[in-house]
């Protein structure tokens with residue numbers, strides 16, 4: 001048997017294991033709660049995971065490009081509050097969306113500039129923006145929720161052929177991002193930069209330009225996640241959102257996105273997000289303390305990254 005044909009546990013997991021994990025968790029959740037498998041409950045689970053799934057999509061395109069954003073959850077909260085405030089002030093859905101998404105785009109643009117022009121590590125730049133966003137959010141809201149956003153109720157409660165608009169929005173967004181990744185030069189450049197930045201520079205790719213564009217695209221997604229939070233909570237809440245970046249990163253890596261860059265897809269995002277959603281549901285059903293839930297998620301992302309590294313190392317040796 002040739003070396004390239006040797007069976008690899010890591011490769012098997014990357015190809016098929018994620019489905020087995022999802023099926024196992026689905027069965028486990030069904031045993032713990034028989035109503036879990038009801039179509040309405042499954043739709044509710046998808047609605048609940050929509051905000052952090054959109055953030056997971058934002059993190060995925062950044063990870064593919066060899067970047068990261070640790071401020072995504074806090075920026076989503078800031079965007080949510082600004083969007084809610086704009087809706088209350090203007091009574092306009094259009095302005096609400098523009099303000100919410102524009103807020104996150106500006107924050108992401110700053111991170112992109114800091115990482116490309118000033119050569120700051122992405123995690124340092126995003127940590128700085130996370131603190132700035134937190135301060136601005138608290139100053140703007142005075143630590144209070146912004147209510148009076150009933151005009152967004154259609155997004156959280158409206159349905160089309162019994163499918164909630166929020167879920168339709170989620171899959172529409174994921175489809176667009178998948179198209180960009182697989183069918184455009186911009187998407188090709190993301191994979192190339194994340195796979196080998198120096199080779200991309202040598203090939204004439206405008207690396208800094210494309211990294212900034214990737215951050216801008218991720219900003220649009222983060223802002224949309226903020227608006228989804230407003231629709232779901234029926235308020236702009238300054239404390240809801242922080243921590244979603246870690247759920248997003250975990251979902252992306254568990255789904256199969258390589259943490260070292262250069263590979264990943266929106267398929268990874270939705271599979272990983274469903275798994276995280278089921279795990280959250282199981283832990284809630286079992287009455288697991290929220291702090292222990294954080295421990296479980298931390299262990300999951302560590303294991304996923306270790307497996308990813310080991311798989312790549314094995315592939316390189318073959």
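A short reminder: the numbers here are calculations on the coordinates, not readings from a lab. Since this is a predicted model, take the numbers as computed values, not measurements. Reconstructed Cβ throughout: ideal geometry from the backbone, glycine too, with neighbour counts over all protein chains shown.
What the table below lists for this structure:
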| quantity | calculated |
| --- | --- |
| Max mean-square fluctuation residue, GNM over the chain, Cα-Cα springs under 10 Å, options 204, 194, 261 | 204 |
| The stretch 177-245 versus the stretch 74-125: alpha-carbon centroid distance in Å | 13 Å |
| Among [x] 28, 51, 19, 2, 0; [y] 30, 54, 16, 0; [z] 32, 58, 10, 0, the entry derived from the coordinates for P(r) over Cα pairs in 20 Å bins from 0, in percent | [z] |
| Ranked by how many other beta carbons lie within 10 Å on average, peptides 271-283, 27-39, 83-95, 214-226 from highest | 214-226, 271-283, 83-95, 27-39 |
